[in-house]
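One structure is given here, and the rest of the page talks about it.
A short reminder: the numbers here are calculations on the coordinates, not readings from a lab. This one's a predicted model, so the numbers in the text were calculated from it and none came from an experiment. Here the Cβ positions follow ideal geometry from the backbone for every residue, glycine too, while neighbour counts run over all protein chains shown.
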Amino acid sequence: MSTLSTTSPSAPPEWQHAIRARLMAQQASGDALRDVIEQYQRLAKAARDLKVRNAALLRSGGGGGGGGDGSGPAPLLSHLDAQLNTMRTELSTLYRTQAAAQNKQLAMADALRDRDEEVRGLREEVRELRDARDGGTRRERNWEERWRMRDEDVKTLHDEILSQQIEVSGLTQRNAALQADNASLLQRWLDKMNLTADEMNAEFEREAGEKNEGEEAGSGAVDDEPSRGVGREGASTVVASQEVVSTSDEIQTSTNPASHTSSDPEPSVAADSVTLDVPDGWEVLEAGSTRSTALDADDDDWAEARDAA
């Protein structure tokens, strides 16, 4: 009893492990060849069925052939004819199916061609729409640029208008100042002309007094002349209204030329009435110019007085 090996009752023996390992290896190899085995089994079954069928056909054909020719065609030939007819029927069905498939394929090709044409048209339309969109975008940018330039032009015009208004206001003030200067210069010129007229009146009065004295002394010698029918009893007083009209040439020579930039017309100023003592036989032709019709000898003196005026 002492020579027996002591092993644990719960641990399996080694031979079980070996059997288990071999079974697992066999199962793994069987799993790998399972498809091949199944195919071989199906092939063997089909071969056995065909062998049994062939034997049955041979037995039926052999039994029928021994009966004589009047018994009709052999069952094998009948079976083969039936199979041939079936195969022909299947072939015709396949042809019809193929023709239908070809027709369907042609219809699908036509539909595909139409679809391709439609897709091509849609692509062309999309391209045109993109071109139109790009053109619209470009026009929009151009219009924005034009409006920006127009706004800049409007701002420039506003600035120019403001500058022109400032210039016009300056010119208006300048014209007002020039008009005031023109009026003052014209008044000074009129005062000078009035002073000259007063001096001429005094000179005329003095000459008239001297001539009246000379005419009183020689009145007896000249009272019978027909050409001098006008009496020389005394000096007649002639009141002449001397109107001084300031024309454009007179204003230009007597005042500042810059005053003509104003649009207002130059005022016409009438001098004060001046009393001129002119002897008989004298007539007033123009303002500041007289001529003797009776005494030709006094023409030189009157010319000097007119030049002085």
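Note down the net charge around Asn142, summing +1 for each Lys or Arg and -1 for each Asp or Glu among other residues with Cβ under 14 Å from its Cβ. Counting the neighbours of Asn142, the net charge comes to +2. Each other residue within a Cβ distance under 14 Å of His79 adds +1 if Lys or Arg and -1 if Asp or Glu, for a net charge of +1. In sequence order, the stretch 184-191 has phi-based couplings of 5, 5, 5, 5, 4, 5, 5, 4 Hz under the Karplus curve 6.51 cos²θ - 1.76 cosθ + 1.60, θ = phi - 60°, and Gly or Pro positions carry x. In sequence order, the stretch 154-160 has phi-based couplings of 5, 4, 4, 5, 4, 4, 5 Hz under the Karplus curve 6.51 cos²θ - 1.76 cosθ + 1.60, θ = phi - 60°, and Gly or Pro positions carry x. From least to most packed, judged by other beta carbons within 10 angstrom and beginning with the fewest, His79, His158 follow the order His158, His79.
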